[in-house]
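Read through the structure below, which is laid out as structure tokens, and then see the notes.
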Amino acid sequence: MRTLRITGGRVIDPSQELDQVTDLWLRGGKVLAVGPRPDLMADEYIDATGLYVVPGLIDMHVHLREPGREEDETIATGAAAALAGGVTSVACMPNTEPAIDSQAAADFVVLQAKRANLAYVYPIGAITNGRKGEELAEFGGLVAGGAVAFSDDGSPVMSAEIMRRALEYCKMFDKTVMDHCEDLELTHGFVMNEGRVSMELGLRGYPAAAEEIMIDRNCRLAEMTGGKLHILHVSTAGGVEIIRRAKQRGVRVTAEVAPHHFTLTDECLRTFDSNYKMSPPLRTKQDIDALIAGLQDGTIEVIATDHAPHAPEKKLRELDQAPNGIIGLETLLPISIKALIEPGYLTWPKLIDKLTIKPAQVLGIPKGTLRPGSDGDVTVIDPNLKWVIDPAKFKSKSRNCPFAGWQVKGRAVTVLVDGEIRYRLPKDG
């Protein structure tokens, strides 16, 4: 077996509280050692001088659209986009056509990911059959097929009874229920956040309360059942505070935030550009401040993209007719650096923690670490590389990116999966 030495880089591994300039050794697809090893001889070298060497990033909230909407994205193109963003493992949501609500559907995702041989792809199983919110899916079969968690994302579980049973059922498998928190009765026909801007533009709004009501309900149900709950794409200040209080009571709840929600506000909708339309919608500066505070104090453990590709012709519709969502895999790292590292809100170890070991722990997958014996998934980052975001150059099939033209700093330059180099940044970027 060949031995690879990544030398001279700043190795950051929050799972070991490791942050030092040293060597990383890989052999047989696994991490062999960290640090100087004069007893070892390398067959290959990667010079990481001036670069950061971190566990392969994990995005636990992506939409890969296959099966059913391959014009937007496929498992292969989504996995390629992930690698280009430094992400070696993704968890894909079940709002495909048909939904991932059976063992066969989960098997299909796993098989397609193996065929692509790019990033790891973990299926999220549907909570209910067809994601209709009426009856629980067969969790046992989904787990056997490779499902690592359960969600009806794209749709909330409106029934408190169904959500209660899902939390209880998942306890049997030690899996997490991941919910999109939205009271549909308050958001029907929404275009953007409900507030001053929506009133001025005459657009139907999505009130913060519609998210917060469901976050609170779900936290109460998790408290009652002892189940593991994960709140998807938190976007409001009130939501952060509800989660914070639930944690203080000992509720088994975790949460994530997407880069667009701690970067952009509802003021962007004044352009009527559908690349700023998403669910939950962009909120206010006060909400951004609360989300960042939640990241700082650990209320929000995870940063995830909610990568939601749509073919260009779909996003070119009138704002009220265009679908919700933006792509995010290839902008995850630079936008997080720009919004969180550069202003000093988070340190590099704290950011990497939220992109590696924390999502791995929520999903219960053996990733997000550089401990000896772990999978050789490694992302090498140039923290000072300046570039301009150009969606036309993305690996994703879709182009619905609100950050086009932004000047950013920091990018994955080499990405390894199972000890193999699966991505290298081209010289022309």
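The values are calculated or read from the model by the stated rules, or taken from the named source; none is laboratory data. Keep in mind it's a predicted model, so treat the numbers as computed, not measured. Here the Cβ positions follow ideal geometry from the backbone for every residue, glycine too, while neighbour counts run over all protein chains shown.
Among the residues of the stretch 175-209, those identified as among the β-branched types (Val, Ile, Thr) and more than 29 Å from ARG164 (Cβ to Cβ) are VAL191, VAL197. Residues considered: GLY133, GLY146, GLY154. Of these, the only one that is out of contact with any Cys (no Cβ under 7 Å at 6 or more places or on another chain), in a loop (DSSP other than H, G, I, E, B) and at pLDDT below 95 is GLY154.
Among the residues that make up the stretch 381-398, is at least one of them surrounded by 23 or more Cβ atoms within 10 Å (Cβ to Cβ), in the same structural domain as LEU24 (by TED's automatic domain parsing) and touching a Phe, Trp or Tyr at 6+ places or on another chain (Cβ under 7 Å)? Yes - at least one qualifying residue is present in the stretch 381-398.
If only residues of the stretch 26-73 that are charged (D, E, K, R) and either touching a helix residue (DSSP H, G or I) at 6+ places or on another chain (Cβ under 7 Å) or assigned by TED's automatic domain parsing to the domain that holds LYS314 (or both) are counted, the one that is surrounded by the most Cβ atoms within 10 Å (Cβ to Cβ) is ASP59.
When residues in the stretch 8-25 are screened for being outside any strand (DSSP E or B) and surrounded by 14 or more Cβ atoms within 10 Å (Cβ to Cβ), 3 of them pass. Taking the stretch 1-42, which residues are touching a residue at least 24 places away in the same chain (Cβ under 8 Å), over 14 Å from ARG371 (Cβ atoms) and of a type outside the set (D, E, K, R)? Across the stretch 1-42, the qualifying residues are MET1, THR3, LEU4, ILE6, THR7, GLY8, GLY9, GLY28, GLY29, LEU40, MET41, ALA42. Given the criteria under 25 Å from ALA322 (Cβ atoms) and of a type in the set (S, T, N, Q), does THR88 qualify? No, not satisfied. So, ARG5, is that one crowded, with 20+ Cβ neighbours inside 10 Å and over 20 Å from ILE337 (Cα atoms) or not? So ARG5 fits the description; yes. In this structure, does VAL121 turn out to be crowded, with 16+ Cβ neighbours inside 10 Å, β-branched (Val, Ile, Thr) and in a strand (DSSP E or B)? Yes: the conditions hold for VAL121.
Residues in the stretch 58-100 that are among the charged types (D, E, K, R) and touching an Asp or Glu at 6+ places or on another chain (Cβ under 8 Å): ARG65, GLU66, ARG69, GLU73. Filtering the stretch 31-67 to residues that are in a strand (DSSP E or B), of a type in the set (D, E, K, R) and either at positive phi or in contact with a Gly (Cβ under 7 Å, 6 or more places away or on another chain) (or both) leaves only ASP47. Scanning the stretch 248-267 for residues that are surrounded by fewer than 18 Cβ atoms within 10 Å (Cβ to Cβ) and assigned to a helix (DSSP H, G or I) turns up GLN248, GLU267.
More than 22 Å from LYS358 (Cα to Cα), at pLDDT 95 or above and crowded, with 24+ Cβ neighbours inside 10 Å, is that true of ALA106? Yes: the conditions hold for ALA106. Counting only helices (runs of 4 or more DSSP H) that sit completely within the stretch 168-247, those holding 2 or more residues that are in contact (Cβ under 8 Å) with a residue 12 or more places away in the chain and either closer than 18 Å to ASP287 by Cα or outside the structural domain of PRO123 (by TED's automatic domain parsing) (or both) correspond to 196-201, 208-225. I'm trying to understand the selection: among the residues of the stretch 312-331, which are touching a helix residue (DSSP H, G or I) at 6+ places or on another chain (Cβ under 6 Å) and over 18 Å from ASP153 (Cβ atoms)? Passing the criteria: LYS315, LEU319, ALA322, GLU330. When the residues of the stretch 127-148 are filtered to those that are within 17 Å of VAL90 (Cβ to Cβ) and among the hydrophobic types (A, V, I, L, M, F, W, C), the one that is nearest to the chain's Cα centre (by Cα) is VAL148. Inclusion of THR284 among residues that are surrounded by fewer than 18 Cβ atoms within 10 Å (Cβ to Cβ) and of a type in the set (S, T, N, Q) is not warranted. Does the stretch 52-75 contain any residue that is touching a strand residue (DSSP E or B) at 6+ places or on another chain (Cβ under 7 Å), among the acidic types (Asp, Glu) and at pLDDT 95 or above? Scanning the stretch 52-75, I find at least one residue that is touching a strand residue (DSSP E or B) at 6+ places or on another chain (Cβ under 7 Å), among the acidic types (Asp, Glu) and at pLDDT 95 or above, so the answer is yes. If you check GLY429, GLY368 for being closer than 30 Å to PRO123 by Cβ and either at pLDDT below 95 or small (Gly, Ala, Ser) (or both), only one passes: GLY368. Out of curiosity, is GLU241 surrounded by fewer than 18 Cβ atoms within 10 Å (Cβ to Cβ) and closer than 16 Å to GLU301 by Cα? Judged against the criteria, GLU241 is a match.
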